[in-house]
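Right, one structure below, let's go through it.
The values are calculated or read from the model by the stated rules, or taken from the named source; none is laboratory data. Model, not experiment: these values are computed from the prediction. No Cβ is skipped: glycine too gets one built from the backbone with ideal geometry, and neighbour counts run over all protein chains shown. Ligands, DNA and RNA are stripped out before the accessible areas are found, and what is left, the full protein with its side chains, is counted by its heavy atoms. Shrake-Rupley method; radii C 1.70, N 1.55, O 1.52, S 1.80 Å.
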Amino acid sequence: MSRSKAVAILGSTGSIGRNTLDVIGRDPGMEVVALSAQSNVALLAEQCLAFKPRYAAIADPALAGELRGRLEANGAGSEVLAGPAALVEIASLTEADTIMAAIVGAAGLESTLAGIRAGKKVLLANKESLVMAGDLCMAAARESGALLIPVDSEHNAIFQCLPACGSALGPEQTRHVAKLVLTCSGGPFLRAPAEAFAEITPEQAVAHPKWSMGAKISVDSATLMNKGLEVIEACCLFAMPPEKVEVIIHPQSIVHSMVYYEDGSVLAQLGEPDMRIPIAGALGWPERMPSGADLLKLAEEEPLAFLPPDFDRFPCLGLALTAARQRGLAPVALNAANEVAVAAFLAGNLPFTRIAALIEAVSVKMPNREADTLDIILETDALARVYAKELI
Ligand SMILES: NC(=O)c1ccc[n+]([C@@H]2O[C@H](COP(=O)([O-])OP(=O)(O)OC[C@H]3O[C@@H](n4cnc5c(N)ncnc54)[C@H](OP(=O)(O)O)[C@@H]3O)[C@@H](O)[C@H]2O)c1
């Protein structure tokens, strides 16, 4: 595997997608082969004009005509593909050596898996793919020779602190690792008293103090579910048991995660809280490339602090750690219930404090067994969503 040259971006209109295009735009040697969106036709058409991809995929088929019209009008010349199958198609294109998996939520699973099965260099932002189908994804990568490079800043930090690998991540890389430590900013409510949580509004929850991200992951960061999902992701990616993956609050978001080795050495990756850094690291791997991010000025930063998470005020973290230990379909149910709860919260139909209660109620109701086929995973996802919606 080498530095990316021809990239297909799944979810190009989102926060990660836009940052990816910003990084690619700085490198004349990199080409964009395909872009995709769910419904943001206007931005997708604009991106096509700027990057001239061969394909533009719109997941909502009802919007294909509008996209075609815009692309004809602006002269971008991209071929329009439509519907969820189009996402799988662009993830498997022979013209692309690299897939950026940046769709949000379970909707990204099938295209991520398609990119892995096609043996691509898969830059993985869509953590929900690994939460739902970690074993399937890792097994598929071993079989196809795909290289998974995590884009989540924490996992990308760990990837950088582990010995280099040429193909899928595996246990040989973590042979001398004592534990992984995922840092967590603590989100906007790190210091808010428990009594204030019932009044939290969607606007407050999406206003992250350090990172600018899409709405769903911002709410996950506010409940700390994001960190819980990341523990599950880390266990899959790095073949570590959950008891060897620790979470530590680090409000400055300068240290992006750490690897503790058995000899007492601790390796960490530091940088500005700017997603273009892990994105450039993943696109450029095994080389480095400019990201556009500022260089850290450590002497001007406030002192770096580290503290343990508060499981009482942030019960979603505990629920996710339980699912990580249970494995099988438990993370699938957790993820589905969380997606429904977060969407209801953002729509004003569920108080912030009911998010964890809803996820727990669904998790208890769902039977657990091995998550060994895509069908059983998708069925479980659908059933957990039905239960969650009934409870709202
Ligand atoms: N943002 C970050 O800094 C960050 C950091 C680490 C990890 N991540 C992970 O990266 C992923 C993307 O996050 P984000 O913040 O970039 O999300 P986002 O800003 O909400 O963007 C999501 C993208 O996915 C598309 N999309 C949404 N639903 C879809 C569906 N059903 N089918 C096909 N495409 C769909 C959206 O298209 P439209 O624009 O048309 O809706 C958009 O392009 C998430 O898994 C998140 O956990 C994000």
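Of everything in the range 1-27, what is more than 9 Å from the ligand (Cβ to nearest atom), in a loop (DSSP other than H, G, I, E, B) and modelled with pLDDT of 95 or more? Give them in sequence order.
4, 5, 25, 26, 27
When you scan the range 277-325, how many residues do you find that are open to solvent by 80 Å² or more (accessible area, probe 1.4 Å), among the aromatic types (Phe, Trp, Tyr) and in contact (Cβ under 8 Å) with a residue 12 or more places away in the chain?
So the answer is 1.
Just for helices (runs of 4 or more DSSP H) wholly inside the range 187-279: which have at least 1 residues that are more than 16 Å from the ligand (Cβ to nearest atom) and not basic (Lys, Arg)?
So the answer is 202-206, 225-238.
Within the range 86-100, is even one residue more than 19 Å from the chain's Cα centre (by Cα), surrounded by fewer than 21 Cβ atoms within 10 Å (Cβ to Cβ) and within 14 Å of the ligand (Cβ to nearest atom)?
yes
Is it the case, given these coordinates, that residue 36 is outside any helix (DSSP H, G or I), more than 9 Å from the ligand (Cβ to nearest atom) and open to solvent by less than 10 Å² (accessible area, probe 1.4 Å)?
No; evaluated as a whole, the condition is false for this residue.
For the range 74-114, which positions are free of Cβ contacts under 8 Å to residues at least 60 places away in the same chain and among the small types (Gly, Ala, Ser)? Show your work before the answer.
Of the range 74-114, the ones free of Cβ contacts under 8 Å to residues at least 60 places away in the same chain are 74-86, 88-89, 92, 94, 114.
Selection gives 75, 76, 77, 78, 82, 83, 85, 86, 92, 114.
Can you tell me how many residues in the range 340-392 are among the hydroxyl-bearing types (Ser, Thr, Tyr), in a helix (DSSP H, G or I) and either open to solvent by 80 Å² or more (accessible area, probe 1.4 Å) or over 15 Å from residue 128 (Cβ atoms) (or both)? Let's see the steps before the verdict.
Step one: list which residues in the range 340-392 are among the hydroxyl-bearing types (Ser, Thr, Tyr), which gives 353, 363, 373, 380, 387.
From the residues that got through so far, the ones that are in a helix (DSSP H, G or I) too are 363, 380, 387.
From what is left, the residues that are either open to solvent by 80 Å² or more (accessible area, probe 1.4 Å) or over 15 Å from residue 128 (Cβ atoms) (or both) are 363, 387.
Going through the range 340-392 one residue at a time, the tally reaches 2.
Only one of these is over 18 Å from residue 196 (Cβ atoms) and touching a Lys or Arg at 6+ places or on another chain (Cβ under 7 Å): 321, 317, 334, 358. Name it.
317
Applying the selection to the range 200-227, what residues are open to solvent by 40 Å² or more (accessible area, probe 1.4 Å), touching a residue at least 12 places away in the same chain (Cβ under 8 Å) and charged (D, E, K, R)?
210
From the set of residues in the range 101-137 that are among the aliphatic types (A, V, I, L, M) and in a strand (DSSP E or B), which is nearest to the chain's Cα centre (by Cα)?
Among residues in the range 101-137 that are among the aliphatic types (A, V, I, L, M) and in a strand (DSSP E or B), the one nearest to the chain's Cα centre (by Cα) is 124.
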